[in-house]
Each structure stands twice: as C-alpha cells, then as structure tokens.
Amino acid sequence: MRVYLDWNATTPLRPEARAAMMQAMDLVGNPSSVHAEGRAARMAMERAREEIATALGADGADLIFTSGATEAAALILAGRGLACAPVEHDAVRAWCDPCLPVDHDGIVTVPDPSGATLQLANSETGVIQRLPEGLAVSDLTQAFGKIPLAFNWLGITAGFVSAHKLGGPKGIGALVLRTGTDLEAILKGGGQERGRRAGTENLIGILGFAAAARAAQAELEAGLWDEVAARRDRLEARLTDRFPEISIAGKGARRLPNTTCLLTSGWKGETQVMQMDLRGFAISAGSACSSGKVRASGTLQAMGYDDQQSQSAIRISISPALGEDQMNRFADAWESAYSRWRDRNGVRDRGTEEG
C-alpha cells in the first residue's frame, strides 16, 4: 500500500470538503443573480467567506477569492516593485526583486518591511519566518492549517492562501487585505469580488475551501500537529544518528511541524524520488512547481549550500493521517537504498560532511 509523504505539494481532498462540494453542486444560481436561486448561492458563498476569514484570524479584513495562491500573488504584487528573498516561491519572485539576504538557517532579513514581501513558511525546508511589523505582503500558503496564525495579529497589509494545501480542492485560493488597501484588478469585466476580481465565482471550490479550513482549524486546536512534529523529529533523529554525514536544511530554525528537507551530498534528489516511488513512497525533490527541472534548489543555494548539496535534497512532508508504522516503513526503505548508494560511493570513509 502506497504512503503519501508529499503533503506540502498538495493534500488529499478532505471528506468534509468533498461533502460540501457535492452540496454546492445543487446550488444552481449564479451568486450575482438577484432571483431566489442567485440569492441562495450568494448567501452560501458569503457564509463560506466568513468561515475562511475566521479560520485565518482575519475577521473584518477583505477576503477576495482567486483561482489559487499564484493568481492571488499576481493580484497583490504586480507593479508594486517589492523586494523579496531568493527563498520565495516562483509565483512571488516573478513580480519582485529577490535581493533580501538569507542566512544558513533560511532566516531572511527585511530592512524595509513596507517595501517587501516575506513568506511565513517555506515549502521546501519548512522554515518559519518572524514577520516584521508593517510588512507589505506575506505568502501564508504553507503555514495555513499547519501552525496557528491570525492575519489580524501578523502586522501585515496583505496575505494569500490556497485551499489544496490544507485538504481543500485545487483551483481556489484567496487574497486577504487589511480593509482600505488599494488594489488594481487584473481580471476585468464583471463586478465580482467588489470589482477586484472579475469572473463568476467558483462556488463549488469556495464551499469546499471553507469546509477544509474548518476541519484544519479543528485539527490544530486538537493538537494533532504537535503529534506530527514529534513523528517528524523521531524520523530525523533516526536517520541522522545512523548516517551522521547527512544534513537537515533549516534544522537550526523554527520549522513547520511536518517538513524535513534532507541533504545527502552526491545522491541526486531526483534519483531518490524515483527509487522511493518504486518502493511505494511519494516524496519530492523540492517544491512541486520546481520538481522535474534539472537545476539546484534556489532556496538551498540562498542558504549557502553548494550545487551538489542542493541537487541532493529531498523533501518529506507528512500529515496527521500518517501513522508511526508508515513512517518506519519509509525509514526502512530509504535507509536500505541510501546504504547501497553510500557503500558504492565510499561515503562511509569520508566521515561526517559539512552541511
């Protein structure tokens, strides 16, 4: 039976989200229509908007539905000329100047918060940033649903999220704005989303998003992600105790509870992904949007790792649904594969490597 260890790339659809989406299919009205069917659709949509805002700790803020985090990033970042760090997602770096310095633990320094964007958590390493007061924009996508957060307490002007990172459907996300923030629409046409994002709203996706956000918040409050962190830490301790030459990127920083970025200098990450896939385990060689591209991780290079180390990285990202037995099965399979590679390449004789 396969084991899914790529939670940061995307998540399985939650049963709660599936049920909400099935119910939404019976809402035949367009939320912009004024007849009874349209009003019922709008009422459901606005209730979902409030539920997502509540889960985000963004009560009273403006929440604009988009097709996902990439569109939300473009909507808030285009034309603003903000600074960012090289560790940001490509969807952010496409609009910003990646000039902010990054230390070896992945922590970013932001000299001018009002002119910068900074992610709350990194998808590859799991490193969590301390957002400076007055920050213009933050990518909250990886953090939402995994760690407690409240938009209204972060001291930022805008943030964005995506439903499929927390058990919701793909193709729906949101941009959250402090009330009164100016925003130029990119998609123009109708007056949807108060004129800031034209196009008939994805009602099925929106209701699935809201259900997933509610369920994710309940998991956080129940402490399930603390258990995830403990399982992740046991995995890392097992692997590094047996193989002291391997490194964990961002180990010295606060990280998402589910994320391990493992570096085995010389053993290509893509090779590891294929070998683990054949053994029934889904992992990644970095961000899902960058996997399959034969190049070193820009995030790891910004943290000071060389090409060989960066190209060896794999990301293991787990969920509350993953049990200890599945974690141990993965560790057994990875250790077996790495031991064979290690013996062939004489790594045992080199001792502990600098990482």
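Nothing in this text is a laboratory measurement; each read-out follows from the coordinates by a stated rule. Not measured: the values here are computed from a predicted model. Cβ: placed from backbone, ideal geometry, glycine included. Neighbour counts: every protein chain shown.
The range 23-43 and the range 141-187 have Cα centres separated by 25 Å. GNM remark for the chain: springs join alpha carbons under 10 Å apart, and the peak mean-square fluctuation among 56, 166, 220 falls on 220.
For the range 95-101, the Karplus equation 6.51 cos²θ - 1.76 cosθ + 1.60, evaluated at θ = phi - 60°, returns couplings of 10, 10, 8, x, 10, 6, x Hz by residue, with Gly and Pro reported as x. About its Cα centre, the dipole of the chain is roughly 580 debye, where the only charges are +1 on Lys and Arg Cβ and -1 on Asp and Glu Cβ. Looking at the range 15-221 alone, DSSP beta bridges between its own residues are antiparallel in about 55 percent of cases.
3J(HN,Hα) along the range 16-26: 5, 5, 4, 5, 5, 5, 4, 5, 5, 5, 8 Hz, from the Karplus curve 6.51 cos²θ - 1.76 cosθ + 1.60 with θ = phi - 60°, whole Hz, x for Gly and Pro.
By its C-alpha gyration tensor, with a ≥ b ≥ c as the square roots of the eigenvalues, how is the range 28-78 shaped: rounded for a/c under 1.5, else prolate for a/b larger than b/c, else oblate? It comes out oblate by the Cα gyration axes. Summarising the label geometry, the points placed 7 Å from Cα in the beta-carbon direction at residue 34 and residue 233 lie 6.0 nm from one another. Simple point charges give the picture: +1 on the Cβ of Lys and Arg, -1 on the Cβ of Asp and Glu, and for the range 15-221 a dipole about the Cα centre of about 480 debye. The HN-Hα couplings worked out from phi for the range 325-338 by the Karplus form 6.51 cos²θ - 1.76 cosθ + 1.60 (θ = phi - 60°) are 4, 5, 4, 5, 4, 5, 4, 4, 5, 5, 4, 5, 5, 5 Hz, whole numbers, x standing for Gly and Pro. Net charge near residue 28: determine it from the other residues with C-beta under 15 Å of the C-beta of residue 28, scoring Lys and Arg +1 and Asp and Glu -1. After counting each charged neighbour, the total is -1. For residue 127, the amide hydrogen comes within under 5 Å of the amide hydrogens of 122, 256, counting only partners 5 or more places away or on other chains and with H modelled in the peptide plane. The range 315-338 and the range 90-104 have Cα centres spaced 32 Å apart. Summed over qualifying helices (DSSP H, 4 residues or more, each -39500 (n - 2.57)) and divided by its residue number, the chain shows a 222 nm mean residue ellipticity of -11500 deg cm²/dmol.
Beta-bridge orientation, the chain: approximately 60 percent antiparallel, per DSSP, counting only bridges with both partners inside. Sorting 199-208, 126-135 by their mean Cβ neighbour count within 10 Å, with the most densely packed peptide first, gives 199-208, 126-135.
By the gyration tensor of its Cα atoms, with a ≥ b ≥ c the square roots of the eigenvalues, what is the shape of the range 1-97: rounded for a/c under 1.5, prolate for a/b over b/c, or oblate? Since a/c reaches 1.5 but b/c is at least a/b, the shape of the range 1-97 is classed as oblate. What shape does the range 15-221 have by the C-alpha gyration tensor, where a ≥ b ≥ c are the square roots of the eigenvalues, rounded means a/c under 1.5, and otherwise prolate means a/b greater than b/c and oblate the rest? Judged from the Cα gyration tensor, the range 15-221 comes out prolate (a/c at least 1.5, a/b above b/c).
Here 236, 324, 71 are placed in order of increasing Cβ neighbour count within 10 Å, fewest first, which gives 324, 236, 71. Here the extension length gained between residue 218 and residue 130 equals 29.3 nm, from 0.36 nm per residue of separation less the Cα-Cα distance. With a Förster radius of 45 Å applied to the C-beta separation of residue 19 and residue 271, the computed FRET efficiency comes to 0.65. Have a look at 34, 61, 22 and report the one farthest towards the positive end of the charge dipole of the range 15-98, computed about the Cα centre with Cβ charges (Lys/Arg +1, Asp/Glu -1). The residue sitting farthest along the positive end of the dipole is 34. For residue 83, the amide hydrogen comes within under 5 Å of the amide hydrogens of 97, 116, 117, counting only partners 5 or more places away or on other chains and with H modelled in the peptide plane.
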